[in-house]
Amino acid sequence: MALSPPVVLTIAGFDPSSGAGVTADVKTIAAHGCYGVACITALTVQSTAGVRRVEPVDAGLVAETLAELASDVEIGAVHVGMLGSGKVVRAVVDFLEANKAPNIVLDPILRSSSGTDLLDTSGARLLAERLIPLCTVVTPNIDEASVLTGLPVGDPEQMRAAARKLHQMGAAAVIVTGGHLEKAIDLLSFTTARGIEQELFKSARLRSSSTHGTGCAFATSVACHLAMGRGLPEAVLLAKAYVAAAISNAHPVGRGTGPVHHLYRMQQQRRVLVADPEPVN
């Protein structure tokens, strides 16, 4: 019998266009050979053109869903994305504290790229005070890092300072993603017996109109690699390569900012099969 793949739980909102949120996360999890389970925290009205409306799910339903999943499967990693409300944040915190889930990756989504708030004020406070200290790693982009820390974040030195502040707030490890910078620079900052160690990951910025969901894809990819037993620096390197390839292989979808191609590897496999068919006897 084949070995079961690691189970990765994503706790996030629902994006009808599937560029971000739980449906995009499940695609990313499948692309990494893991098995995805999901808890929806909010419904949204959105497309590639932007977010029009956000409706958080009842916190009691979120709590019941998480408890049911935890009672049924062994969770190897957790990706936490959009939460929507303070009540939902509290339900997720209570679940994580009670179940001691491993490899928790928090993508602290506060606002959409189109400017819509995706977490209320009480939720942002609870995320900072109670959720961040529970996580294995927190993956804010430069804008989210600035909001969470109250510091300007626009270059590598400011990214380093923001990461140190997040450590003071209880984060064990931080990845500040700089995909919005002129060069795609990500900073990994983590605590060791020797103190805080920091490492920069640099690459050329890809010019593309298909970048919706890059933060979700990156954080979920990191969770998958942690579930497979890889160390954090390797997980960051591999997740960064995965997102770059998903952007490069994206195809036009919609009239706004299109999604990355989460399942590009399947297309590559089909091409190989077509190019090198089995001999016919």
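The values are calculated or read from the model by the stated rules, or taken from the named source; none is laboratory data. Keep in mind it's a predicted model, so treat the numbers as computed, not measured. Positions of Cβ are generated from backbone atoms using ideal geometry, with glycine treated the same way; all protein chains shown enter the neighbour counts. These accessible areas exclude ligands, DNA and RNA; they are computed on the full protein's heavy atoms, side chains included. Shrake-Rupley method; radii C 1.70, N 1.55, O 1.52, S 1.80 Å.
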Go ahead and estimate [θ] at 222 nm for the chain from helices alone: -39,500 (n - 2.57) per DSSP H run with n ≥ 4, summed, over the residue count, rounded to 500. -12000 deg cm²/dmol
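Just check the range 1-93 against the gyration tensor rule for me: Cα atoms, a ≥ b ≥ c as the square roots of the eigenvalues, rounded for a/c under 1.5, and otherwise prolate or oblate depending on whether a/b exceeds b/c. Before the final figure, lay out each step's value.
On the way: a/c = 2.91, a/b = 1.31, b/c = 2.22.
Since a/c reaches 1.5 but b/c is at least a/b, the shape of the range 1-93 is classed as oblate.
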Measure off, as a whole percent, the carbon and sulfur share of the 1.4 Å-probe accessible area of the range 1-81, all protein chains present. 57
List the trypsin sites (Lys or Arg not before Pro) within the range 187-227 that DSSP assigns to loop and that have no more than 12 neighbouring Cβ atoms inside 10 Å. 194, 207
How much length is gained on full extension from residue 114 to residue 143, taking 0.36 nm per residue of separation minus their Cα-Cα distance? 9.1 nm
Accessible area per residue in Å² at 1.4 Å probe, computed on the range 62-113: 42
Distance in nm between residue 155 and residue 64 label points, each 7 Å along Cα→Cβ, equals 5.4
Compute for the chain: radius of gyration divided by Kirkwood radius, i.e. Rg/Rh, restricted to C-alpha atoms, rounded to two decimals. 0.97
State the percent of C-alpha pairs, over all pairs in the range 61-195, separated by a distance greater than 26 angstrom. 23
Rounded, prolate or oblate: which one fits the range 133-231, using the alpha carbon gyration tensor with axes a ≥ b ≥ c (rounded when a/c is under 1.5, else prolate when a/b beats b/c, else oblate)? oblate
Under a plain spin-label model, where a point goes 7 Å from the Cα along Cα-to-Cβ, how far apart in nm are residue 55 and residue 198? 4.4
Of the DSSP beta bridges with both residues in the range 18-167, give the percent that are antiparallel, rounding to the nearest 5. 55
Among 139, 48, 116, whose mean-square fluctuation peaks in a Gaussian network model of the chain (Cα, cutoff 10 Å)? 116
Send over a whole-number figure in Å² for the accessible area per residue of the range 153-249, probe 1.4 Å. 43
